[in-house]
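Scroll down for the structure; my scribbles are underneath it.
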Amino acid sequence: MRSVMFAILVLMPLSACGKAKEADKADALASQESAAPATKKAAAKTATGSVDTSQAGTPAPTQTFSREDGSKVTLADFRGKPVLVNLWATWCAPCIAEMPALDRLAKAKAGEMAVVGISQDLQGWAKVRPFLAKAKLQHMTILLDEEGALATTLGAPGLPYTVLYDADGKEVWRVNGPREWDQPGGLPEMPVPPGPVVHFHAVGQEPGWTMDIATGWDVEVIADYGAKTATFKAPARLSLEGTSNFAVADGKSSLAVSIVKKRCEDTMSGKPYAYAVTMTLDRKRYEGCGEVL
């Protein structure tokens, strides 16, 4: 199993890391012919550094990994909060280059998300331990894949390879190649799970306008007595307790909405509503009232 997995990591020219030290190469060469075609097929699916959501919802692998003290752990032990799993090796230059950023990310996200680096070094802790002594990573968790099977399980075309699992152990996205993990935009956003669909209607006078919101679907706006119309992507969730705010844009128009749970009376009809609504469409402010349909 080790030799097959390592052939995938070493021999594929599109991998982020294709050069290993001679001790590791010896294990890989024996399975070169059988591993290379499968690796090429896997590498074609994901560009280096790009975010792949095609496997979203897949349960995390159940394999067992080892800590430096010899104790065993699985990814299920990190359930309860998201976990960022990074496959790396001491011989992989891009892996080593991004690890300080991952460690800083682990510090910034402490208590919110676990950052776990799983070594694919076939020489085990004898190889990894001296590296950690020099690297002084203080915040991320380092584990060892003793069987060298995780990269094969995930279909990783090379290293580094990073997968985000949610608090329930389901995959969110994966990234092939390095990223600036602790920089703005470096950590891809975690999609907001959709909540129950909420249909909300708002109306205002002078100039007359209406707004209809269907969460997870669309926001449709008709303003200035029908002279201006626009459709935007609605937020996945809309909390209607207290004050709710969201802002969206479609490249041509922008919309900002504030919904406050308090009694509001339409100035034209005198109809009472449960919510006061402020809408800013393309920098023009509109005020009115709203209700859940």
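Where a number appears in this text, it was derived from the coordinates with a stated rule and is not lab data. As the structure is a prediction and not an experimental result, all values here were calculated from the model. Virtual Cβ from ideal backbone geometry, glycine too; neighbours counted across all protein chains shown.
A few notes on this one:
- Rounded FRET efficiency, nearest 0.05, which uses the C-beta distance separating Thr229 from His139 and R0 of 35 Å: 0.10
- Backbone HN-Hα couplings from phi across region 172-181 [Karplus 6.51/-1.76/1.60, Hz, Gly and Pro as x]: 9, 7, 9, 10, 9, x, x, 9, 8, 4
- Cα centroid separation - region 210-275 against region 126-180, whole Å: 43 Å
- Amide H contacts of Phe246 (H built 1.01 Å from N, under 5 Å, at least 5 apart or other chain): Val257
- Remark: the Ala167-Val248 segment gains 26.4 nm on full extension, using 0.36 nm per residue and subtracting the alpha carbon distance.
- Global form of region 47-176, assessed from the alpha-carbon gyration tensor, a/c cut-off 1.5: rounded
- When only Cα pairs below 8 angstrom with a gap of at least 6 residues are kept, region 199-292 shows a relative contact order of 24 percent.
- Projected onto planes of every orientation and averaged, the convex hull of the alpha-carbon atoms in region 199-292 covers 5.3 nm².
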